[in-house]
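Enquirer: Sharing a structure here in structure tokens format.
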Amino acid sequence: MRLLPTLFPALLATTLYAAPNPVTTPDLHTPDEKLPASAERAAADKQKNQQVKENVIEVTEEQLLADPALLANALDSAIINGDADAVAILLPIYRKLPADKQDKMLLRFGEAMQARSTGNLSLAIARFREMIAEDPSLQPVRLHLAMALMADHQDEAARGQLEKLRSDKLPDDIRKVVDDALAALRERRSWTFNAATYYRYDNNINGAPRERERQGGRGTWTFPEPKKAHGIHLDLSAERRLPAANGWYAQVEGSMNSDWYWNAHNYDDFRFRLGMGGGWQNARWDINLIPFVQRRIYGNQGYSTNMGADLSASYWITPKWRLSGFAQAMRKQHDRRDWLDGNQYYGSLSALYAPNARQYWFGGINAMRSQAQDQSDAFKRYGLNLGWGQEWGLGMSSRLVGTYARRNYDGLDFFGIKRKDNEYGVTLSLWNRNLYFWGITPRLTFSWDRTASNHFYYDNHDQDVYLEFSKSF
């Protein structure tokens, strides 16, 4: 398929037009073409059109079917030139070829172009996604996909494709197209919704220690057996940016994160958040400050209310490198456990490197200070993370993340232990871009977590496998 290795090849000098019988050349002018500004230009245009007409080759459907290479070249040229009328005529003929004579990628591209021209964006997006899944290196297809997603108002998905394109080597004029599309998304940004859910199984929902008994100053302590819980994890979020002048914007956001267990309602956990603020952005910078309030409901009872603010900034150093920073300060206020009340501060610095549209690496460091009235519940935590995302052939994608953190508590607890934890985590997600339902691609996720603690109650490990369904729109 000739059109795939290049983004915008030169228009062909020869046009192929097929019909059951020889027909006249269609009008080459587009409805929005400007009228000649002078008699000289009119004469030049007339001569040019006459030359084009002389180069038209009139062939029948039978002749095209007898020469599959000629038919493929004609369809290929029509797609390159964005000639929807020619694609509509040639595509049904191309489908009549034996299966072993058809180029599957060319067929999909033709179907996508035809669907786009008739307003069937869902089909066009599906065909473009199938092509990207089979060969992630197809720049023109990824650009067509991004534009179709924009037309369908799937702005977050379109932004993701455009940012992947920007990390590739592109001609200057095409890079400008990508940058202009990203700028248009920033200007028109409306409500963005995200939803994710998966079945959750916890074999130790009550956090029972591995030790069943412990000798203490007041005798022997006996701890409960681990309790199993089955439920649903659900994340919902909504965000809207309201553009103002000179890159400034206002932002409103809300979210809910929940774990609901049908056999252990005492451990149901619902966390709600509402934030309103603003920021400034351009092609490289995005800076915002969002004050927020959080409310947590645990075990069907009010648990805590937190109020604070987030400050975030990201900067594209180059089209391949992005640096991000985040800081949060909040006040924790608990309904009944007032010994946990206090301020909490968090900060992180991370970098993203995308060598091309099919691969990205990221890593960062973070630190947290959580205060509490009881010093045994106050701690400092320092962490780091490293991740790798990859689009493979045959539609497969993967994302691997590793984390490490050190947590040190301020004071001795009831057992006379000053807690120190080393936290390790690994998460691997796999999915196939060819497999999706209503725009949702399932992800199979494997997670492993280990807390190596000097405290017997918190020294544990956990592993999980779940199928996650998520969608941004």
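The values are calculated or read from the model by the stated rules, or taken from the named source; none is laboratory data. Everything quoted here is computed from the prediction, not taken from an experiment. Positions of Cβ are backbone-derived with ideal geometry, glycine not excepted, and every protein chain shown enters the neighbour counts.
Enquirer: Within segment 186-208, take every residue that is of a type in the set (A, V, I, L, M) and surrounded by fewer than 17 Cβ atoms within 10 Å (Cβ to Cβ) and give me the one that is farthest from HIS461 (Cα to Cα).
Expert: ALA195
Enquirer: Does ASN81 count as modelled with pLDDT under 90 and under 15 Å from LEU145 (Cβ atoms)?
Expert: Criteria not met by ASN81.
Enquirer: Identify all residues within segment 180-211 that are free of Cβ contacts under 8 Å to residues at least 60 places away in the same chain and among the hydrophobic types (A, V, I, L, M, F, W, C); write none if there are none.
Expert: ALA181, ALA184, LEU185, TRP191, ALA208
Enquirer: Something else about it: LEU428 - would you say it is more than 19 Å from ASP202 (Cα to Cα) and either aliphatic (A, V, I, L, M) or without any contact (Cβ under 8 Å) to a residue 40 or more places away in the chain (or both)?
Expert: no
Enquirer: Looking only at residues that are hydrophobic (A, V, I, L, M, F, W, C) and modelled with pLDDT of 95 or more in segment 350-367, which one is farthest from LEU138 (Cα to Cα)?
Expert: ALA367
Enquirer: While we're looking at this one, here's another question. For LYS332, are the conditions met, namely being touching a helix residue (DSSP H, G or I) at 6+ places or on another chain (Cβ under 8 Å), at pLDDT 95 or above and among the basic types (Lys, Arg)?
Expert: Yes, satisfied.
Enquirer: Scan segment 320-343 for residues that are over 28 Å from the mean Cα position of the chain (by Cα) and among the basic types (Lys, Arg) and report the count.
Expert: The total comes to 4.
Enquirer: Tell me which residues, restricted to segment 218-253, are buried (at least 16 other Cβ atoms within 10 Å of the Cβ), within 21 Å of the chain's Cα centre (by Cα) and not acidic (Asp, Glu).
Expert: If the condition is that a residue be buried (at least 16 other Cβ atoms within 10 Å of the Cβ), within 21 Å of the chain's Cα centre (by Cα) and not acidic (Asp, Glu), then HIS233, LEU234, SER237, ARG241, GLN251, VAL252 are the ones that fit.
Enquirer: Looking at (1) crowded, with 18+ Cβ neighbours inside 10 Å; (2) closer than 18 Å to ARG175 by Cα, find the lone condition where ALA157 falls short.
Expert: Of the numbered conditions (1) crowded, with 18+ Cβ neighbours inside 10 Å; (2) closer than 18 Å to ARG175 by Cα, the odd one out for ALA157 is (2).
Enquirer: At least 2 residues that are in contact (Cβ under 8 Å) with a residue 24 or more places away in the chain and closer than 23 Å to VAL465 by Cα in each: list the strands (runs of 3 or more DSSP E) lying fully within segment 212-315 that qualify.
Expert: Ranges flagged: 229-243, 248-261, 269-281.
Enquirer: Considering only segment 241-259, I want to know if a residue exists there that is farther than 24 Å from ALA309 by Cβ and touching a Gly at 6+ places or on another chain (Cβ under 8 Å).
Expert: yes
Enquirer: Return only the number of the condition from (1) surrounded by 16 or more Cβ atoms within 10 Å (Cβ to Cβ); (2) closer than 26 Å to LEU435 by Cβ; (3) touching a residue at least 40 places away in the same chain (Cβ under 8 Å) that LEU394 does not satisfy.
Expert: LEU394 satisfies all of (1) surrounded by 16 or more Cβ atoms within 10 Å (Cβ to Cβ); (2) closer than 26 Å to LEU435 by Cβ; (3) touching a residue at least 40 places away in the same chain (Cβ under 8 Å) except (1).
Enquirer: Six or more apart or on different chains, Cβ under 8 Å: which pairs go from a residue in segment 60-72 that's at pLDDT 85 or above to one that's surrounded by fewer than 17 Cβ atoms within 10 Å (Cβ to Cβ) and charged (D, E, K, R)? Could you list them?
Expert: LEU65/LYS96; PRO68/LYS101
Enquirer: Hey, another quick one. State all residues of segment 403-432 that are in a strand (DSSP E or B) and either under 30 Å from ALA133 (Cα atoms) or of a type in the set (Asp, Glu) (or both); if no residue qualifies, say none.
Expert: THR403, ASP410, ASP421, GLU423, GLY425, VAL426, THR427, LEU428, SER429, LEU430, TRP431, ASN432 - these are the residues of segment 403-432 that are in a strand (DSSP E or B) and either under 30 Å from ALA133 (Cα atoms) or of a type in the set (Asp, Glu) (or both).
Enquirer: Here is a check on your reading of the model: is THR451 touching a strand residue (DSSP E or B) at 6+ places or on another chain (Cβ under 9 Å), within 22 Å of GLY231 (Cα to Cα) and in a strand (DSSP E or B)?
Expert: No.
Enquirer: Collect the residues in segment 417-461 that are hydrophobic (A, V, I, L, M, F, W, C) and under 30 Å from the mean Cα position of the chain (by Cα), keeping them in residue-number order.
Expert: Kept after step one, since they are hydrophobic (A, V, I, L, M, F, W, C), are these residues of segment 417-461: 417, 426, 428, 430-431, 435, 437-438, 440, 444, 446, 448, 452, 456.
Those that are hydrophobic (A, V, I, L, M, F, W, C) and under 30 Å from the mean Cα position of the chain (by Cα): VAL426, LEU428, LEU430, TRP431, LEU435, PHE437, TRP438, ILE440, LEU444, PHE446, TRP448.
Enquirer: Another question about this same structure. When segment 131-179 is examined, which residues are found to be of a type in the set (Val, Ile, Thr) and touching a residue at least 40 places away in the same chain (Cβ under 8 Å)?
Expert: Kept after step one, since they are of a type in the set (Val, Ile, Thr), are these residues of segment 131-179: 132, 141, 174, 177-178.
Scanning segment 131-179 gives ILE132, VAL141, ILE174.
Enquirer: Hey, any hits in segment 114-122 for a residue that's assigned to a helix (DSSP H, G or I), touching an Asp or Glu at 6+ places or on another chain (Cβ under 7 Å), of a type in the set (A, V, I, L, M) and surrounded by fewer than 22 Cβ atoms within 10 Å (Cβ to Cβ)?
Expert: First pass over segment 114-122, keeping only residues assigned to a helix (DSSP H, G or I): 114-117, 121-122.
Cutting the leftovers down to touching an Asp or Glu at 6+ places or on another chain (Cβ under 7 Å) gives us 121.
Restricting the remaining residues to those that are of a type in the set (A, V, I, L, M) gives 121.
Right, trim to surrounded by fewer than 22 Cβ atoms within 10 Å (Cβ to Cβ) and you get 121.
Yes: segment 114-122 contains one or more residues that are assigned to a helix (DSSP H, G or I), touching an Asp or Glu at 6+ places or on another chain (Cβ under 7 Å), of a type in the set (A, V, I, L, M) and surrounded by fewer than 22 Cβ atoms within 10 Å (Cβ to Cβ).
Enquirer: Using the structure shown, decide if TYR261 is surrounded by 14 or more Cβ atoms within 10 Å (Cβ to Cβ), under 23 Å from GLU163 (Cβ atoms) and among the aromatic types (Phe, Trp, Tyr).
Expert: no
Enquirer: Which strands (runs of 3 or more DSSP E) does segment 332-401 wholly contain that include 1 or more residues that are under 15 Å from ASN306 (Cβ atoms)?
Expert: So the answer is 342-356, 359-370.
Enquirer: Moving to a separate point now. What are the pairs with Cβ atoms under 6 angstrom where one residue, in segment 338-356, is at positive phi and the other, located anywhere, is at pLDDT 95 or above? Sequence gap at least six, or different chains.
Expert: What qualifies is GLY342/LYS332; GLY342/GLN371; GLY342/ALA372.
Enquirer: Please go through segment 430-448 and pick out each residue that is more than 30 Å from PRO209 (Cβ to Cβ) and in contact with a strand residue (DSSP E or B) (Cβ under 7 Å, 6 or more places away or on another chain).
Expert: Those that are more than 30 Å from PRO209 (Cβ to Cβ) and in contact with a strand residue (DSSP E or B) (Cβ under 7 Å, 6 or more places away or on another chain): LEU430, TRP431, ASN432, ARG433, GLY439, ILE440, THR441, PRO442, ARG443, LEU444.
Enquirer: State yes or no: is LEU467 of a type outside the set (Val, Ile, Thr) and at pLDDT below 95?
Expert: yes
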